[in-house]
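Note sheet for the following structure.
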Amino acid sequence: MKGSKPNLAATSWALLGMLSYEYELSGYDIRKWIDWSMRFYFGSPAYSQIYSELKKMEQLGLVTSRVENTRGARHRRLYKITEAGLEAVTRWANEAPVDPPTLKHGPLLRVTLGHLTSPERLKEVLQEHVAFADEMHRRAAKDARWAGVDPSWSYARVALRWAERYYANERELALKMIKELDEAEAAFPQPKEGRAKIPWPTPEFWYEVEKKADAEEPD
């Protein structure tokens with residue numbers, strides 16, 4: 001394993017990084033930490049995925065596990081990073097290419113295909129998104145504040161502060177879109193009499209516009 005690059009998914013690297021601290025962690029502990037931090041910007045894997053990735057890493061010699069036997073409580077399986085695992089995740093953090101962020105924005109997709117619905121329905125979707133952004137902003141702000149109680153969480157706090165700002169901006173962008181929907185409705189062409197299809201430029205027109213745009217501002 002030394003010197004080699006394990007073929008791990010991004011989630012596995014995140015889990016391995018969480019195990020690079022001092023203490024052993026259970027799958028439950030890991031999920032709780034994700035809920036406190038990474039879910040704001042990297043997603044929240046299911047328990048089944050967490051345990052699947054931990055099992056894979058144990059087979060690769062990156063972590064070890066043991067069952068903690070305690071009286072009067074459920075037995076827990078605790079995971080600990082190995083020297084090979086620490087070496088691998090350190091090398092990943094320092095040398096692996098950083099993937100650009102990917103965005104799958106459900107409300108924006110609905111707006112893009114707004115001709116299939118109505119401005120009223122789109123406004124409902126966006127108001128729901130405003131409520132979601134408000135809640136995520138509140139939770140990120142709370143977690144960022146409480147991350148300040150221990151210096152070991154200082155890097156995580158930087159990420160949580162970013163999440164707090166991100167969801168505040170997400171809320172404002174959604175509110176701005178709500179105002180812009182009426183303008184879009186007024187500008188959008190309606191089917192001509194006797195035609196059921198929604199007006200749309202031909203592909204040839206798309207490509208002509210693309211050429212003009214590229215000529216004006218080359219990549």
Which of T82, T90 is most accessible, then next, and so on - probe 1.4 Å: T90, T82
(i) 123; (ii) 219; (iii) 115, with the label sought being that of the calculated volume of the Cα convex hull per residue in Å³: (ii)
Using alpha-carbon coordinates, inclination of helix 83-95 to the longest axis of the chain, degrees: 30 degrees
Rounded to the nearest 10 Å², the accessible area of S48 at probe 1.4 Å: 90 Å²
Extension reserve of the W200-H115 stretch, reckoned as 0.36 nm per residue once the Cα distance is removed: 29.5 nm
Area accessible to solvent at V149, 1.4 Å probe radius, in Å²: 90 Å²
With Cα atoms, 0 to 90° folded angle of helix 47-59 axis to the chain main axis: 50 degrees
Cα-projected label distance for S20 with E58, points at 7 Å along beta-carbon direction, nm: 2.3 nm
Per-pair calculated FRET efficiency, R0 = 22 Å: F42 and E87 via Cβ, rounded to 0.05: 0.45
Area of S118 that stays accessible when all protein chains are in place (1.4 Å probe, Å², to 10): 40 Å²
Percent carbon-and-sulfur accessible area, the range 10-95, ignoring ligands, DNA and RNA, probe 1.4 Å: 51 percent
Accessible area in square angstrom per residue, the range 77-219, 1.4 angstrom probe: 78 Å²
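The values are calculated or read from the model by the stated rules, or taken from the named source; none is laboratory data. Since this is a predicted model, take the numbers as computed values, not measurements. Ideal geometry is used to build each Cβ from the backbone, glycine not excepted, and the neighbour counts take in all protein chains shown. In case anyone asks, the SASA skips ligands and DNA or RNA and just uses the protein heavy atoms, side chains included. Shrake-Rupley method; radii C 1.70, N 1.55, O 1.52, S 1.80 Å.
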